[in-house]
Amino acid sequence: MNINEIENLFNRALKHTFTKRKLLFAFCVLALCGILVVFCRGLAIDAGSWISLSLTFLPIFLCSALLLSTGIVLIRIYHDDVKRRKKTIAKVISESWDLMIGTSYLCVPIILCYLMLWIIQGVFLLLKEIPAAGNVISIIFSFGPFLLILGSILLCILVLVILFSVTPLVALRSVSRMKLLQYIIKKWQGNPFTNSLLLFLSLTPAIIVTGILILAAWMTDINYLQTEGALYTVMQWFFMMLPFVAVLSPTVVFFFNFSAESHVLMQKRNNNNI
């Protein structure tokens, strides 16, 4: 693999990103995810730190299940576009429905792992509230919450790896779920540098666009938004979320397009090495 191959992958994935039906489909999915995030953040406004932490990470893992199913549809549409076959989104969804439902369950173990970390975090918070000794215990065991939050962040990274590696494999080859873990481990152990590079390139547009959107949202919050109650704040977040996800939609389509290209490239490379 050389820079010219990566350039061709990137350009072809970008070329097939800005199509109305895929952007509209991605927008609808992201809008559902946005509603879930806004709802959870609204619940966290007056909640304690423990509940607020769960309402920060849990929507990410719930949305990942929806994005995993969405990626199957987008990749299959992309594959048909490259092959110059035209299918409606409704037909692709109907043909992939069972696969979408089955694949979405892959996120259940991740959600359970996070809930376990969250419960352990609650234990540390309870120890902190012990009279007299609580402060000493919180100082000695301060590494515990740090490791738990670090574990939650690593789970988020794992979600990205699954979206990048599993989605094209399932969409293009319909591999059974029993072999998915074995395939992912073999793939990343065989060539961690190339896979990491391709993952980073697929995320680059999303990272740049998300950074700009967060900056714009932060400046809007400072200069325009008013905090006159939780309901008022949530409604402001909701209407600001709509253009947010509209601008973010092309990056999601590109991510799955590029993941499909990367999967095909790595398959050809492995076959040539055999």
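Just so you know, all these numbers are worked out from the coordinates, no wet-lab data involved. Here the structure is a predicted model, which is why all the values come from computation and not from measurement. For neighbour counting, all protein chains shown are included, and Cβ atoms are generated from backbone atoms with ideal geometry for every residue, glycine included.
Some notes on this structure:
- Dipole magnitude for region 3-273: about 1380 debye, using +1 per Lys or Arg Cβ and -1 per Asp or Glu Cβ, origin at the Cα centre.
- As a proxy for reagent exposure, ranking Asp98, Asp81 by other Cβ atoms within 10 Å from fewest up yields Asp98, Asp81.
- GNM flexibility winner over the chain from Phe255, Phe146, Phe164 (Cα, springs under 10 Å): Phe146
- Calculated FRET efficiency for the pair Ile130/Trp218, C-beta based, R₀ 41 Å, to 0.05: 0.60
- Residue exposure sequence - Lys15, Lys86 - by fewest surrounding Cβ within 10 Å: Lys86, Lys15
- Within a Gaussian network of the chain (alpha carbon springs, distance under 10 Å), most fluctuating of Gln182, Gln236, Gln121: Gln182
- Chain lengthening between Asp46 and Lys15 when straightened (0.36 nm per residue, less Cα-Cα): 6.7 nm
- Projected label distance in nm at Ile140 and Asp81, using a 7 Å step from Cα toward the beta-carbon: 5.9 nm
- Against the chain, whose longest principal axis is taken from its Cα atoms, helix 192-223 shows a tilt of about 50°.
- Think of region 1-89 as having a plus end and a minus end, set by charges on the Cβ of Lys, Arg, Asp and Glu; of Ile45, His79, Cys63, His79 sits farthest toward the positive end of this dipole.
- Rounded to the nearest 10 degrees, the angle from helix 177-190 to the longest Cα principal axis of the chain is 90 degrees.
- Each residue in Glu129, Glu95 was given a count of other beta-carbon atoms within 10 angstrom of its own, and listing them fewest first yields Glu129, Glu95.
- For region 3-273, lysine pairs separated by 8 or more sequence positions, or belonging to different chains, with Cα-Cα distances below 20 Å total 17.
- Alpha-carbon geometry of the chain: the Rg and the Dmax are 20.9, 71 Å, given in that order.
- If you take all other residues with their beta carbon under 13 Å from the beta carbon of Leu74, and give Lys and Arg +1 and Asp and Glu -1, the sum is +1.
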